[in-house]
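Down below is the structure, laid out as structure tokens.
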């Protein structure tokens, strides 16, 4: 497996939008001894099974496991599902949040000519960003940190190493040169204290093939990632973004989400205003004195469906309706995440798409 000496952008690679065709969805199966679901591991399994059941109707599901016993545990949860669409891979991980520790996949057109250097014929590549468990909050993370390269070895594709900490949930792309992110996460000193904003932007351009970096501000209450974009605002087309908005002025999320909405409404891509669609927020969910980062924005776009976290909340149906209008050619599936959110994440946090080539 070759380690390219040039940047992905120089070689013609880009990160596709999530709605572009997938070959597979990658997951990292949770471990009972992990820290993500304290005293609640078994309660989370129904949501994971429902997620996989929906995904296998859409595409192959690749599941990272630690060993044979771990695979057997996963198979027991998935028992009764058609297993021909599921494959298991020996990629040990500490926690199940594959969006953040997993590979970021890039593609390029075979006919695309690199800006410089010899022409590589690889259509698929992986970016292995550095990983420190959201600012060294949850050690150990040694297995998670090397997972992207392990996956690249399995697929026998090139790997790029930007030398910068970045979680997949901190970015969202439209596949056509624009990237959404937040100041509260990417500029946090617990990630890359030696890098300036301009240097961070340049690495995003060099390693994801984007041009326009669109910055929002702060994240939602209870989000231990310091404000991942996938809890806030998501591209649903090249020029359209759905963004979470809190209507209750007394809620602590009201002001930061209004500020993000105002920023989006002022933004342009290629001198054209972004279409902004607002997504409601569920009511506050508290557990053991902690606020959960419940949001409908943490949906995952698969080939034929969109998986949406729901919370037995009056706003569930409104959120599902908005996303059905945004994805008229996909089945929008709501899955109860009242237990899953105890891990402080939902379906987008758990998944990583492998684009088709």
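At-a-glance table
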| read-out | value |
| --- | --- |
| Choice from 339, 57, 76 with maximal GNM fluctuation in the chain (Cα, 10 Å cutoff) | 76 |
| Most mobile of 203, 291, 79 in a GNM of the chain (Cα contacts under 10 Å) | 79 |
| Estimated inter-spin distance, residue 161 and residue 325, nm [label 7 Å along Cα→Cβ] | 4.8 |
| Estimated FRET transfer efficiency (residue 199, residue 10; beta-carbon r; R0 22 Å; 0.05) | 0.80 |
| Added length on full extension, which subtracts the Cα-Cα distance from 0.36 nm per residue, residue 53 to residue 221 | 57.4 nm |
| Within the range 9-355, percent of DSSP bridges classed antiparallel, to nearest 5 | 40 |
| Segments 301-309, 183-191, 95-103, 123-131 sorted - mean Cβ within 10 Å per residue, highest first | 95-103, 301-309, 123-131, 183-191 |
| Value of relative contact order over the chain, rounded to a whole percent, pairs C-alpha under 8 Å and six or more apart | 22 |
| Rg over Rh, two decimals, the range 9-355 (C-alpha only, Kirkwood Rh) | 0.93 |
| Exposure proxy order (Cβ contacts within 10 Å, fewest to most) of 347, 160 | 160, 347 |
| Helix-derived mean residue ellipticity, 222 nm - over the chain, DSSP H n ≥ 4, -39500 (n - 2.57), to 500 | -7000 deg cm²/dmol |
| Compactness of the range 18-70 as Cα Rg over 2.2 N^0.38 Å, two decimals | 1.28 |
| For the range 88-218, radius of gyration divided by Kirkwood radius, i.e. Rg to Rh on alpha-carbons | 0.97 |
| Of every Cα-Cα pair in the range 246-290, the percent that sits beyond 14 Å | 60 |
| Approximate spin-label separation residue 20-residue 75, in nm, with each point projected 7 Å along Cα-to-Cβ | 3.6 |
| Extension gain (nm, one decimal) between residue 312 and residue 146, 0.36 nm per residue minus Cα-Cα | 56.1 nm |
| Kirkwood hydrodynamic radius of the range 232-357, from inverse mean 1/r over distinct Cα pairs, in Å | 15.4 |
| Sites residue 240 and residue 109 - FRET efficiency at Förster radius 22 Å, r taken between beta-carbons, to 0.05 | 0.35 |
| Net length gained if the chain between residue 137 and residue 35 were fully extended (0.36 nm per residue, minus Cα distance) | 35.6 nm |
| For the range 204-264, Kirkwood radius (reciprocal of mean inverse C-alpha pair distance, Å) | 12.7 |
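Every number in this text was worked out from the coordinates using simple rules, so none of it is lab data. If you're wondering where the values come from, they're calculated on a predicted model, not measured in any experiment. Using ideal geometry, Cβ is built from the backbone for each residue, glycine included, and neighbour counts are taken over all protein chains shown.
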